Ligand code: GDP
């Protein structure tokens, strides 16, 4: 397993390769991306995030390039995230960005990444938020977010960036009028680039008069700046204004308000993405339960909204639990209270598969696993219930009445588990000692896999003495019944008893 902490440490020390690896992990939403982002998140919150937005061709990339050059005169570390919604497969303009930014390619204090949009955040890429977290938490002082926008659809950029700069150019004329509704609310700084072109001053005047008409009044009055990005003219003034706005935010309640707005937006987005991910997982031809619902809706036995509501309640609860190996070991405790939510067949198959990868004596793999739900499971639960009296005296010797009562209740319903796995071992000439070890390894694998999947399970031997009843319910002959393993999502997280001392002797150390 990749040591993310090591990568994060190196990235923080300025190692571009580690940073690049983390960025790719996040951008491709690979396994582990979520873990990395939650580890990084508490260390962020220091960078100044600057949004540069405006219509295509306004000179944003040229401007960002010049800005980076200006900022690098001091020792600030600068990250640039360029988002291009016009390019569905990182073509055209993204390449353009790279070429324009090339002068900074070898500068370890600059990190540049172009992102293709995936239709999120009003045209912004889904990985923008986590990538901002990455740069912020690894010590970048300023993060530039360059986006194409003409107004309306860019409302979210002000929730992503502390300071938003709107770039326009002379000659758009009526175009600017058309945009005004959208842009008047988004920017903290307005900028007319390409001041070397004809009618540049009238573009500035247009903007100024539009801003005067704005009804929004706040302590910060958005200035209108003039630049010729190609010649880096007006860039020092731009960096000064950007810094002044940052100071203004920090000295007023502005930063607090921004943080709250931004947090609200990012939770909403993360939630939307999580639900979307779950939906995509559910809506699959490989999913038996989903196929069953498809059949029902096409036969008009149930309406689509009711099916969706049912799946949504599952999606809400079953957020993916990805754990480190040692966390899985500790999470695998005996669960005795289950939620009635059904468990997907795909998840159960992974658990059973893990069981079958266990080692076995002479590789006989002489186990048989019955995965049971519905009517047959209920009948097996009744057998478990009948097996309890034989256990009772032993329990009474060890525990108080409360524990005995709880256990009795557990045997009655198996904690309400929706699925029961029954493990059998087929005797071999290795003898019961070896056979028991093989099947035990398989059961333990299943229990660990279940914990990894966020499921609860527990290893029960109580019903074994009613083997004949279980055999006849399952139609089994000539095998040893080893265990019942009820399985399902935990209704209550199982307790974690502390480990006992003095169980290990170290010899020769
Ligand atoms: P973006 O699409 O907003 O990122 O714009 P680019 O930075 O790609 O610039 C678009 C074109 O405008 C390029 O050919 C730039 O060389 C040119 N450009 C950028 N800034 C200026 C400027 O200040 N004056 C003039 N005349 N052209 C500029």
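Throughout, read-outs are computed from the coordinates displayed, never taken from laboratory work. In this text, all values refer to a predicted model and were calculated from it rather than measured experimentally. Cβ coordinates were reconstructed from backbone atoms using ideal geometry, including for glycine residues, and neighbour counts include every protein chain displayed.
For region 475-494 versus region 189-258, the spacing of their alpha-carbon centroids is 67 Å.
Our note on the geometry: Cα centres of region 395-441 and region 1-71, 50 Å apart.
In percent, what relative contact order does the chain have, based on Cα pairs under 8 Å that are 6 or more apart in sequence?
Contact order relative to length: 13 percent.
Each Cα pair under 8 Å and six or more residues apart adds its separation to the average, and for region 325-488 the resulting relative contact order is 39 percent. Kirkwood hydrodynamic radius of region 269-406, from the reciprocal of the average inverse Cα-Cα distance over all distinct pairs: 19.3 Å.
Residue exposure proxy: 258, 367, ordered by other Cβ atoms within 10 angstrom of their Cβ from fewest to most, comes out as 258, 367. Per the Debye calculation on the chain with a single equal scatterer at every Cα and no solvent contribution, log₁₀ I(q)/I(0) for q = 0.10, 0.12, 0.13 Å⁻¹ amounts to -0.88, -1.07, -1.18. For the chain, the longest principal axis of the C-alpha atoms and the axis of helix 235-251 are separated by about 50°.
Taking all Cα-Cα distances within region 263-317, those exceeding 12 Å account for 68%. For the chain, adding -39500 (n - 2.57) for each run of n ≥ 4 DSSP H residues and dividing by the number of residues yields -15000 deg cm²/dmol at 222 nm.
Relative to the dominant Cα principal axis of the chain, helix 254-282 is inclined by about 50°. For region 387-509, the convex hull drawn through the C-alpha positions has a volume of 174 cubic angstrom per residue. With respect to the chain, whose longest principal axis is taken over its alpha-carbon atoms, helix 432-452 is tilted by about 30°. Annotation: the residues 189, 80, sorted from fewest to most other C-beta atoms within 10 Å of their own C-beta, follow the order 189, 80.
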